[in-house]
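Before any comments, here is the structure.
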Amino acid sequence: MSHIESICIAPEHASPQLATNRVRVEAALGLLGDRYAGRSPVTVSFIAAEEVEAFNERTGLAITAADTGRNLVTRGADLNQLVGKRFTVGEVEFEGMELCEPCATLGGRLATEEVSAAHIVREFTHRAGLRAFVRSSGELQVGDALRPI
């Protein structure tokens with residue numbers, strides 16, 4: 001079953017992601033307490049834990065899902081298949097907007113002497129998650145099921 005493995009929010013831009021077991025989601029704001037809450041369009045970012053693990057295997061790095069800056073970490077979900085589709089996580093409804101492609105900032109933040117920023121971006125292209133519109137309000141918690149509508 002597809003589910004949420006972890007929830008990450010960052011209260012300010014460029015601050016580290018903080019893990020939490022539960023978060024309130026508001027349709028007009030996004031994840032309460034996150035740096036992007038209230039920005040338009042109201043979206044949340046997802047990444048699959050399996051993609052982070054595969055990235056680490058391919059590159060030899062040991063990043064965490066929180067290092068990617070994405071909000072909701074899934075397990076068992078093919079996020080690329082949710083672009084343009086509605087789905088629920090727990091009691092909250094989302095609509096897949098677009099792939100959350102990696103940017104130069106992410107590459108630069110994760111780069112090492114052995115693995116360049118450009119290589120990181122290439123490795124995460126089409127694998128860095130999903131950006132989704134928030135369609136309803138509610139509580140999310142770790143373990144909530146992700147279900148297509």
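What to note about this one:
- Counting only protein chain heavy atoms and rolling a 1.4 Å probe, the accessible areas of Asp144, Asp67 rank, largest first, as Asp67, Asp144.
- Accessible solvent surface per residue of region 11-149, calculated while the other protein chains remain in place, 1.4 angstrom probe, Å²: 50 Å²
- The chain, helix-only ellipticity at 222 nm - DSSP H runs n ≥ 4, -39,500 (n - 2.57), divided by all residues, nearest 500: -5000 deg cm²/dmol
- Using only side-chain charges placed at the Cβ, +1 for Lys and Arg and -1 for Asp and Glu, the dipole size of region 24-149 relative to its Cα centre rounds to 320 debye.
- Between Leu110, Leu31, Leu130, the Gaussian network model of the chain with springs among Cα atoms under 10 angstrom shows the greatest mean-square fluctuation at Leu110.
- Coil-residue GluC sites (Glu not before Pro) of region 5-66, DSSP, other Cβ within 10 Å capped at 15: Glu12
- With Cα atoms, 0 to 90° folded angle of helix 49-59 axis to the chain main axis: 10 degrees
- When the trypsin sites (Lys or Arg not before Pro) in region 1-54 are filtered for DSSP coil states and for at most 12 other beta-carbon atoms within 10 Å of their beta-carbon, the remaining sites are Arg39.
- Computed over the chain with a Gaussian network model linking Cα atoms closer than 10 Å, the most mobile of Asn80, Asn21, Asn71 is Asn21.
- Springs between Cα atoms under 10 Å define the GNM used for the chain, and in it the highest mean-square fluctuation of Gly60, Gly69, Gly33 occurs at Gly60.
- Kirkwood Rh and Cα Rg combined as Rg over Rh, evaluated for the chain: 0.95
The values are calculated or read from the model by the stated rules, or taken from the named source; none is laboratory data. Computed from a predicted model, the values in this text were never measured in an experiment. Please note: Cβ atoms are built from the backbone with ideal geometry, for glycine as well, and neighbour counts cover all protein chains shown. In case anyone asks, the SASA skips ligands and DNA or RNA and just uses the protein heavy atoms, side chains included. Shrake-Rupley method; radii C 1.70, N 1.55, O 1.52, S 1.80 Å.
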